[in-house]
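*Asks:* Okay, handing you the structure first.
The values are calculated or read from the model by the stated rules, or taken from the named source; none is laboratory data. All values reported here derive from a predicted model rather than from experimental measurement. Don't worry about glycine lacking a Cβ; one is built from the backbone with ideal geometry, like all the others, and counts go over all protein chains shown.
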Amino acid sequence: MVTIKDVARAAGVSVTTVSHAVNRTRHVNPDTIEKVQATIEQLGYQPSGVARALKSNRTQTVGMIVTSSTNPFFAEVIRGVETGCFDRGYSLMLCNSGDVAQKLTAYLRTLMMKRIDALLVMTSNASSDFFRRLEQIRTVPIIALDTTIPRVDCLINDDSLLGGRLAGAHLAGKGFARIGCITGPAGHPRSTERLAGFTAALAEAGRPLDRALMIESDLTVGGGHAAMAELLDRCGAERPDAIFCFNDLVAIGAMCAAQQRGLRVPEDLAVIGYDDIDIAAFTSPPLTTIRQPAYDIGVKAAELLVGLLDHGRPLPRTLALEPVLVERLSVTSATNPGRSA
């Protein structure tokens with residue numbers, strides 16, 4: 001096995017110089033750093049991460065607990081975090097919890113045992129016990145993403161209040177009279193904000209939200225399908241002519257349910273989603289949606305954490321990134337000749 005002494009001997013420098021060149025713990029001439037790095041690559045030397053962590057009290061590792069990495073929105077946030085960490089010399093340790101209380105607490109305990117330098121949490125329906133355990137952690141900085149968790153160091157979200165307003169204003173501006181929505185679960189923080197913005201925009205347009213046209217879902221494709229079917233059954237002939245779904249997965253399920261009932265999108269029912277996941281541009285018809293910058297949220301989280309860890313830059317208490325409306329073919333004007341009366 002190649003040792004640090006072998007690298008020092010081959011590069012013609014001291015062991016201490018190799019250590020400082022690798023760990024950036026003291027200024028080393030750039031030419032020397034280049035020489036050491038070339039020697040490391042030539043010999044195939046692998047620095048001991050454990051030894052380095054013990055010496056510096058740092059592991060260059062960020063832990064992350066998410067509800068599910070299979071959700072396209074979460075996956076894009078994770079991709080941003082991983083890229084942001086990698087570009088700054090950090091590794092990401094990811095845990096999928098499924099919002100199961102036992103998994104959440106077990107993963108939190110495991111990550112802390114692994115001596116992570118910082119923690120990212122992206123979960124909406126965690127137990128009070130998990131939140132209590134988070135509050136007890138004082139050894140690493142914690143950032144919460146796309147959620148509202150009390151007493152963490154920083155919260156990063158999109159501005160869901162604005163996103164809801166954009167959706168409401170767009171549908172009202174297209175002239176729809178019976179505008180409904182498929183929300184997330186009661187108490188879901190992003191859903192609550194989107195509903196508030198949506199309701200405010202409709203009221204400002206003189207079209208107060210009819211609560212009979214509102215239904216909850218679990219924010220999955222299947223949940224959107226079931227919610228749309230139930231809403232159509234409940235409303236009968238008084239069905240909505242436009243629907244705002246609180247994420248794109250729900251919108252995809254809702255469009256499928258509507259089309260199975262013989263309704264055409266957008267001729268009979270306009271549909272707008274939220275997130276702008278990759279598949280949204282390729283549904284039939286392509287989905288109008290509110291784009292929140294998922295990848296940017298992840299990159300920004302990594303950037304802020306490394307800025308704190310490596311340079312002592314303070315974290316903002318909150319950071320809200322601005323969503324934008326993306327117009328596609330699932331929404332047309334209420335006065336379009338192709339729409340049903």
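*Asks:* Mind checking whether some residue in segment 109-130 is farther than 16 Å from P150 by Cα and among the hydroxyl-bearing types (S, T, Y)?
*Replies:* yes
*Asks:* Specify the residue that is farthest from D146 (Cα to Cα); the eligible residues are those in segment 60-85 that are among the charged types (D, E, K, R) and crowded, with 19+ Cβ neighbours inside 10 Å.
*Replies:* E82
*Asks:* In this structure, does G223 turn out to be in contact with a helix residue (DSSP H, G or I) (Cβ under 7 Å, 6 or more places away or on another chain), under 21 Å from T147 (Cα atoms), without any contact (Cβ under 8 Å) to a residue 40 or more places away in the chain and crowded, with 20+ Cβ neighbours inside 10 Å?
*Replies:* Working: in contact with a helix residue (DSSP H, G or I) (Cβ under 7 Å, 6 or more places away or on another chain): yes; under 21 Å from T147 (Cα atoms): yes; without any contact (Cβ under 8 Å) to a residue 40 or more places away in the chain: yes; crowded, with 20+ Cβ neighbours inside 10 Å: yes.
Spelling it out, G223 is indeed in contact with a helix residue (DSSP H, G or I) (Cβ under 7 Å, 6 or more places away or on another chain), under 21 Å from T147 (Cα atoms), without any contact (Cβ under 8 Å) to a residue 40 or more places away in the chain and crowded, with 20+ Cβ neighbours inside 10 Å.
*Asks:* Look at A51 and say whether it is assigned to a helix (DSSP H, G or I), at pLDDT below 90, among the small types (G, A, S) and buried (at least 18 other Cβ atoms within 10 Å of the Cβ).
*Replies:* For A51, the condition - assigned to a helix (DSSP H, G or I), at pLDDT below 90, among the small types (G, A, S) and buried (at least 18 other Cβ atoms within 10 Å of the Cβ) - is not met.
*Asks:* For segment 316-328, does any single residue satisfy the condition of being charged (D, E, K, R) and at pLDDT 95 or above?
*Replies:* For segment 316-328, residues charged (D, E, K, R) and at pLDDT 95 or above: present.
*Asks:* Looking at segment 57-85, I want the residues that are in the same structural domain as D278 (by TED's automatic domain parsing) and outside any strand (DSSP E or B) and have a partner that is surrounded by fewer than 19 Cβ atoms within 10 Å (Cβ to Cβ) and modelled with pLDDT of 95 or more with Cβ atoms under 9 Å, at least 6 apart or on another chain. Which pairs are those?
*Replies:* Correct list of pairs: empty, since none qualify.
*Asks:* Given the options A196, A172, A177, A201, name the one that is in the same structural domain as R239 (by TED's automatic domain parsing) and out of contact with any Leu (no Cβ under 8 Å at 6 or more places or on another chain).
*Replies:* Only one candidate passes the filter, namely A177.
*Asks:* Residue under question is A258, and the condition is that it be within 28 Å of T70 (Cβ to Cβ), crowded, with 20+ Cβ neighbours inside 10 Å, among the small types (G, A, S) and touching a residue at least 60 places away in the same chain (Cβ under 8 Å); does it hold?
*Replies:* Details: within 28 Å of T70 (Cβ to Cβ): yes; crowded, with 20+ Cβ neighbours inside 10 Å: yes; among the small types (G, A, S): yes; touching a residue at least 60 places away in the same chain (Cβ under 8 Å): no.
Criteria not met by A258.
*Asks:* Another one. For segment 86-115, which residues satisfy the criterion of being part of a loop (DSSP other than H, G, I, E, B), modelled with pLDDT of 85 or more and either buried (at least 16 other Cβ atoms within 10 Å of the Cβ) or among the aromatic types (F, W, Y) (or both)?
*Replies:* Those that are part of a loop (DSSP other than H, G, I, E, B), modelled with pLDDT of 85 or more and either buried (at least 16 other Cβ atoms within 10 Å of the Cβ) or among the aromatic types (F, W, Y) (or both): R88, Y90, R115.
*Asks:* Restricting attention to segment 241-250, which residues are more than 20 Å from P293 (Cβ to Cβ) and surrounded by 24 or more Cβ atoms within 10 Å (Cβ to Cβ)? Explain how you work it out, then say what you get.
*Replies:* Step one: of segment 241-250, the residues more than 20 Å from P293 (Cβ to Cβ) are 241-243.
Within segment 241-250, A242, I243 qualify.
*Asks:* So V13 ticks every box in (1) buried (at least 18 other Cβ atoms within 10 Å of the Cβ); (2) closer than 16 Å to G89 by Cβ but one. Which box is left unticked?
*Replies:* That leaves (2) as the condition not met.
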